[in-house]
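Visitor: Structure incoming, see below.
The values are calculated or read from the model by the stated rules, or taken from the named source; none is laboratory data. Everything numeric here is computed off the predicted structure, so don't read it as measured data. Cβ placement follows ideal geometry from the backbone for every residue including glycine, while neighbour counts extend to all protein chains displayed. We work out accessible area using only protein heavy atoms, side chains counted, and drop any ligands, DNA or RNA first. Shrake-Rupley method; radii C 1.70, N 1.55, O 1.52, S 1.80 Å.
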Amino acid sequence: MSEGAGISTAKEAADHALVLAFGRLQGAANRLEYILGRALEQECGISHLTYEVLLILGRAGDPGLPMRAIAQEQVLTTGGATRLVDRMEAAGLVERMEAPDDRRGRLVRLTPLGAETTVRASRVHVENIERYFLHPLPAEDRERFAEDLRILSHAARDLLPRLP
């Protein structure tokens, strides 16, 4: 029988250890997203979502990625990814190219400015991750915690439907 079966009042629901643990994870992620995202905006002039797309494209290298792959990685609609890439293209961070194996297809890749921005923003981001994400944890737990997060992230990713 599931642990959830023992919940019979709103108070028991609100105080359930698993509900509290997941709420803390979500709260920490939201607060860290805000803190780290603000730092990227203030110090680099880009949003955290833009930074994430720069990283995705940096990993992909040449010739780039189709819009569908960017949307899938960021759990965006293809329309949302297109609007974001439009803004990134207008800022000179990315460019659209013809797909070498599909004349109708378009790929998105970093421009030299996009690659430079990725490096600069990553230096800022790593410093802030160390300060706000790692340093509050006991040193002996940091590596295991990062590995546990990787496992959770991949497990959740694998449950999501793939875009056609």
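Visitor: Going by the alpha-carbon gyration tensor, a ≥ b ≥ c the square roots of its eigenvalues, is segment 61-104 rounded (a/c under 1.5) or, if a/c is not under 1.5, prolate (a/b greater than b/c) versus oblate?
Guide: Cα axes put segment 61-104 in the oblate bin.
Visitor: If you don't mind, there's one more thing I want to ask. Calculated FRET efficiency, L137 and A99, Cβ-Cβ r, R0 30 Å, to nearest 0.05?
Guide: Efficiency at R0 = 30 Å is approximately 0.10.
Visitor: Please state, to two decimals, what the Cα-based radius of gyration of segment 116-164 comes to when divided by 2.2 N^0.38 Å (N = residues).
Guide: Cα-based Rg divided by the globular estimate yields 1.53.
Visitor: Can you give me the relative contact order of the chain as a percent, contacts being Cα pairs under 8 Å and 6 or more apart?
Guide: In percent, rounded to a whole number, it is 21.
Visitor: For the chain, what is the accessible area per residue in Å² when the probe is 1.4 Å?
Guide: 68
Visitor: Next up: Given a Förster distance of 45 angstrom, what is the FRET efficiency for L20 paired with T78, based on the Cβ-Cβ distance and rounded to 0.05?
Guide: After rounding, the FRET efficiency stands at 0.75.
Visitor: Segment 46-86 to segment 109-135: how many Å between their Cα centroids?
Guide: Taking the Cα centre of segment 109-135 as reference, the centre of segment 46-86 is 16 Å away.
Visitor: I've got another one for you. In whole percent, how big is the carbon plus sulfur part of the accessible area of segment 1-158, probe 1.4 Å, protein atoms only?
Guide: After summing per-atom areas, the C and S share lands at 56 percent.
Visitor: Still on this model: So what's the convex hull volume per residue for the Cα atoms of the chain, in Å³?
Guide: 168
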